[in-house]
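First comes the structure, then the notes that go with it.
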Amino acid sequence: MAVLPIDPDPSGLLRRRRGGPIAVGLVNNMPDAALKSTERQFRELLTEAAGTRTVTLRVFSFPGLGRSEAGCQHVRDHHEDIAALWNAELDGLIVTGTEPRARDLADEPYWPSLARLIDWAAEHTIATVWSCLAAHAAVYRLDGIARRSRGAKLSGVFECIKTANHPLVGYGPAHWCTPHSRYNELAEEELAARGYRILARSPAAGADIFVKRQKSLFLFLQGHPEYDAGALAREYRRDVGRFLAGERDRYPELPSGYFAGGVANALLAFRERALRERDAALLADFPTPGGGQSPFAPWRGAAIRLFSNWLSYLGQAKSGTQEWTEPHGKPHDETKARPLYG
C-alpha cells in the first residue's frame, strides 16, 4: 500500500478547515460550445467519486474569454466572478483549459488572471487539479517550462501506463485509457528534470498524469478523464463545421481509437464530399455516430478512481490525518482503449 505524508500546516489552513464538507471550486474556462457540458461532466464525476463523502462545488469564471451573449448569460446565471474566489475557503480546486489563441501563454488575454490564480492556489488550497491548457499554464508559471506545438491536433482515446506507485493512481491496474484533445504538449523529460513526478504516460500522447507538491499538492492532467462518451464526437463535428465555414484550412483527422467500422467509413466518405463541396450548409448532413445513442466510456472507472483518490487526500488532510493512504474498496473494472462507435 502506498503511503505519503501530508505536509505540515504552517499557515493553519488545515486547522481552520477541519471537519465539514469538502469544498471544491471549479474555474471553468472552456469555450461556449463546451461550457455547460464541462460543468456537467465534473459535477457527475465528483458525485460518483465522492462515495459517502459530502462535497460542495462552487463554479467561477474568468473575464476576457471572448464569450457570446448566450455564454455570458450562462456565466452571469451560474458562475461566481473570479474576484469571489480570492476569499473563498476552498479545500480543492479544479481549473479547466480553453482553446489556445496565442502562440505564447503569456500573450493570452486571460494570462494575468490565470497567473494570479496559480499563485493563489499554491498558498490557499490543499490540492489543485490543472487540466490541459491550465496544466501547461501552471507548469510555465511555476518552472518556466513552455508548452510545445504538436503540429497537428492530438485527438482520441489512448492507452496509458502507470509509471509510479502513488496514492492518486493507487488501487488499480497498470494501464487504462484516457481521452486527449489538444494542440500542444509538455515534454516529459523537461518535467522530470524539474521535479515533476510522472504518474502515467501514453506511448502516443506522452505524459498523461503528473504531480508536484507546493504547499498545495498540484495534480496535472494533459488528458480529459472527465469527458463523457460523446465529447470527442461533438468536438470532431465542431472542428468539421469550422472547416466547412472557412475558419480552418485543414479538415480534421478522425479521433484516434474512437470511431470504428461503418461509422468511420461514413465519416471518411463525408470528408471526401466536404473537400469537394465545401459549404457550411453541408454540416446538416454530417453522419450521426451511433444513431444518436451515447456509448459506454471505457475510461470512466479510471477517472472515478483518480478523483476518488484526490477527494480522499482532501478529506484526510481536513481530518488531521498525518499520512495519506490509498482508499480501501473494490477497484473499478477497467477496459482497454477500443473504438466506441461502430
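The values are calculated or read from the model by the stated rules, or taken from the named source; none is laboratory data. Predicted model only: the values in this text are computed from it and were never measured. We place every Cβ from the backbone using ideal geometry, glycine too, and count neighbours over all the protein chains shown.
Tabulated data
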| item | result |
| --- | --- |
| Residues (under 29 Å from S216 (Cα atoms), among the charged types (D, E, K, R) and touching a helix residue (DSSP H, G or I) at 6+ places or on another chain (Cβ under 8 Å)) located in region 62-98 | E89, D91 |
| Residue within region 130-137 that is of a type in the set (A, V, I, L, M, F, W, C), in contact (Cβ under 8 Å) with a residue 24 or more places away in the chain and surrounded by fewer than 16 Cβ atoms within 10 Å (Cβ to Cβ) present | no |
| Selection count, region 238-249, where residues are touching a residue at least 40 places away in the same chain (Cβ under 8 Å) and surrounded by fewer than 19 Cβ atoms within 10 Å (Cβ to Cβ) | 2 |
| Failed item, numbered, when Y196 is tested on (1) touching a Lys or Arg at 6+ places or on another chain (Cβ under 9 Å); (2) over 24 Å from R300 (Cβ atoms); (3) surrounded by fewer than 19 Cβ atoms within 10 Å (Cβ to Cβ) | (3) |
| Sole residue being part of a loop (DSSP other than H, G, I, E, B) and either outside the structural domain of P31 (by TED's automatic domain parsing) or among the hydroxyl-bearing types (S, T, Y) (or both), chosen from T128, T98 | T98 |
| Residue list for region 163-222, filter: out of contact with any Cys (no Cβ under 7 Å at 6 or more places or on another chain), among the aromatic types (F, W, Y) and assigned to a strand (DSSP E or B) | Y183, F210, F218, F220 |
| Candidate set: region 138-162, residues that are free of Cβ contacts under 8 Å to residues at least 40 places away in the same chain and in a helix (DSSP H, G or I); chosen: the one nearest to W299 (Cα to Cα) | Y140 |
| Subset of region 33-73 that is in a helix (DSSP H, G or I) and more than 27 Å from W299 (Cβ to Cβ) - its residue that is nearest to the chain's Cα centre (by Cα) | G71 |
| Whichever residue in region 60-92 is touching an Asp or Glu at 6+ places or on another chain (Cβ under 6 Å) and not aromatic (F, W, Y) and, among such residues, is surrounded by the fewest Cβ atoms within 10 Å (Cβ to Cβ) | S68 |
| Pick from region 101-125, criterion in a helix (DSSP H, G or I) and of a type in the set (D, E), ranking: modelled with the lowest pLDDT | D107 |
| N309 vs. criteria part of a helix (DSSP H, G or I), over 18 Å from G156 (Cα atoms) and not hydrophobic (A, V, I, L, M, F, W, C) | yes |
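Here is a yes/no grid of residues against (1) outside the structural domain of A115 (by TED's automatic domain parsing); (2) under 19 Å from I126 (Cα atoms); (3) without any contact (Cβ under 8 Å) to a residue 60 or more places away in the chain; (4) not aromatic (F, W, Y):
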| site | (1), (2), (3), (4) |
| --- | --- |
| F42 | no, yes, no, no |
| A50 | no, yes, no, yes |
| H78 | no, no, yes, yes |
| E89 | no, yes, no, yes |
